[in-house]
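Okay, so here's the structure we're looking at.
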Amino acid sequence: MASRRIVLCVVLATSVLLIAGSASTFAGTEHGVTVHPSTAHPSDFEDETANGLECAPPPLSSAGDEPPTSAEGDRNDREARIVELYPNPTTHGNAGEYLVLEVQRETRLENWTVTDGHTTATIPNETIDGRVAFSTDPATTAELTDHRVLELEGTVRLAVDGDELELRNGTEAVDAVAYEDAPIAERWYRTDGGSEADRAEGRWHPRDGTCFPVVRAEPTAATTFVLPDSPDVPLETIRSADDRLVLAGYTITSVEVADALVDASARGVDVAVLLEAGPVGGTPAATEPLLESLAEGGVDVRAIGGEGARYRFHHPKYTVADDHVLVTSENWKPSGTGGKASRGWGVRLEDDEIADALAATFRADYEGWDTRSSEQFRSTATFVEDDGIGGDHPESTFETNHGAETVPVESVELLVAPDNAADRLEALIADADDEILIKQASIAADVSVLEATLDAARRGVDVRILLDSAWYHEEENAALVNDLEAIAADEELALEATVVDRTDRFEKIHAKGVIVDREAAVVGSANWNENAFENNREVLLVLHGESAAEYYAAVFEGDWDGDVWTLPIGLSLSAAAVLAVAALVGWRYVRFGDRRVATEE
């Protein structure tokens, strides 16, 4: 081994490769959740940027900037530029599609037009200032944007398969932009200045998607825990809430968790829950009665998803209870937070800044246009029975090998995907000097964080990669191990990769964590694939401090070394037989109609 070392530990669980991956308070009443002024944290929501809702490019002149003084500068800053496009809304026939112009000062748009080279629309002879939306269907557009909306005269269509648009003042070309295929319900935002020779380009962002920055705070301690060893920690956190309680997840099938939420509501806590509307294969049948009991108990539940939704999957697993935050890799189900199957990582801490920031993330997601009430969701959802593969084993029990520990921390960072998690995680890996531990449900060979890890190995950092040995991922994991071992041999890198040995300490590894230099640990919901980082909602915490990192490192080392495997207590013989037969025939997928998918958690 080289003197410098990264331990990269990746673990596969019952997760699909594609899937993962609070309102500080709700002022007034929103979707049935009321927050009293005495318990609110209004400072979090003073403007859109604080909510992560402002993703458009900065204005022509930022606050404090002096405007140009030359005659040429005065002419240029008065003229408009195209800063936003919405070619493919979810409306019928793309009604309400629009473009947004920006000027720095009040400007009279006399004799201005916009053209795609085939058709031309005339901009109304109006004086505008700042940013204004223009559309041939202003009434519909007004429902899609908060910008002032003016009507274009004539015809210009924003092509879904890409287009080039030119803004003209009389016969003079003032600005031009270009874009490629327009994803449904995503807005195009300008990212460069453009010129007479080059049309400005931009990036796509989901309608009302967030752009939260990384949030850093300095709590003094955190409770580190793993599953299945400490299922009491998530329940204790929920049961401790006095004022506010929000819970976000992919799915929920735990009766204990649902009961704790109802009990919190009964004692006067404002409770809200947000779940994924379309998990792979359908919503578990065990969820349906829980949704009914939550509704009867006064708990407001919403489901997020559908055509054009902001996220491919809502995949985080967290709760905010007053000023306490709990983030984990595990779903709210017996095999997850209930401690009946999965090796998962979790952390709980008390910090008002982190709690308010995560509450703001919840609020932004919960109040989005792509959420549905529990009643609406239940009326249209597909509920599917557990077939015994990758499901819950409510009678299984595992010994506690790694109890929860409250340890000192130096600082904490809150990361969310798709907003900022990938860039920050890559930066952490790039800063590694000695070792990194990563525990993941799976790793895609082309994911950027794996590339960053290989770069770290090439500069002399030791790397170990641990993958789960579940039958439904075994082939893919073995292939990745072979590829990484070949790279290590060819380039003489201190890099090791393997799949976890069968053990009686847990049924499968579902953790999604990273340890860097035994000085920082990342705990969260993001699987290592581009979909998780680019399209899913994921939540992660970075804990800085040797004590926290050493806790998870000890768990990693124990899982790396492995144990003799026996059937977990209570696992039925029938379930074991199903798994054995599936392993023999190489059956790695659950079939839904004509579609084969791997299950995801």
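The values are calculated or read from the model by the stated rules, or taken from the named source; none is laboratory data. All of these numbers come straight from a predicted model, not from anything done at the bench. Because the Cβ atoms are built from the backbone with ideal geometry, glycine has one as well, and the counts that use them run over all protein chains shown. These area figures cover heavy atoms from the full protein model, side chains too; ligands, DNA and RNA do not enter into them. Shrake-Rupley method; radii C 1.70, N 1.55, O 1.52, S 1.80 Å.
Placing pseudo-labels 7 Å out from each Cα toward the beta carbon at Glu534 and Asp446 gives an inter-label distance of 0.8 nm. For segment 407-561, the square roots a ≥ b ≥ c of the C-alpha gyration tensor eigenvalues yield an a/c under 1.5, which makes the shape rounded. Modelled spin labels at Ser379 and Val255, positioned 7 Å past Cα toward Cβ, are 2.9 nm from each other. Shown is the FRET efficiency for Asp483 and Asn125, computed with R0 = 56 Å from the Cβ-Cβ distance and rounded to the nearest 0.05: 0.35.
The base-10 log of I(q)/I(0) for segment 223-384, evaluated at q = 0.10 Å⁻¹, reads -0.32 [Debye formula, identical scatterers on Cα atoms, solvent excluded]. In segment 80-206, Cα pairs under 8 Å separated by at least six residues give a relative contact order of 26 percent. Protection proxy ranking, highest mean first, for peptides 356-362, 457-463: 356-362, 457-463, where packing is the per-residue count of other beta-carbon atoms within 10 Å, averaged. Once both labels are positioned 7 Å from their Cα atoms along Cα-to-Cβ, the gap between Glu492 and Asp161 label points is 5.4 nm. On segment 407-561, 42 percent of the accessible area sits on carbon and sulfur atoms, based on a 1.4 Å probe.
Quick check for you: with a 1.4 Å probe and neighbouring chains kept, what is the accessible area per residue of segment 223-384, in Å²?
Result: 28 Å² of accessible area for each residue.
Accessible area per residue (1.4 Å probe, heavy atoms of protein chains only) ranks Arg239, Arg363 as Arg239, Arg363, with the largest value leading.
Accessible area per residue for segment 80-206 is 46 Å², calculated with a 1.4 Å probe on protein heavy atoms, without ligands, DNA or RNA.
Going from most exposed to least, what order do Glu84, Glu236 have by accessible area with a 1.4 Å probe?
Output order, biggest surface exposure first: Glu236, Glu84.
Here, segment 152-306 yields an orientationally averaged convex hull projection of 16.2 nm² when only Cα atoms define the hull. With all protein chains present, how much of the accessible area of segment 223-384 (probe radius 1.4 Å) comes from carbon and sulfur, to the nearest whole percent? Its accessible area is 42 percent carbon and sulfur atoms. A 1.4 Å probe run over the protein chains yields, for segment 407-561, 30 Å² of accessible area per residue, whole-number rounding.
Percent of accessible area on segment 80-206 owned by carbon and sulfur, 1.4 Å probe? Exposed carbon and sulfur together represent 40 percent of the surface.
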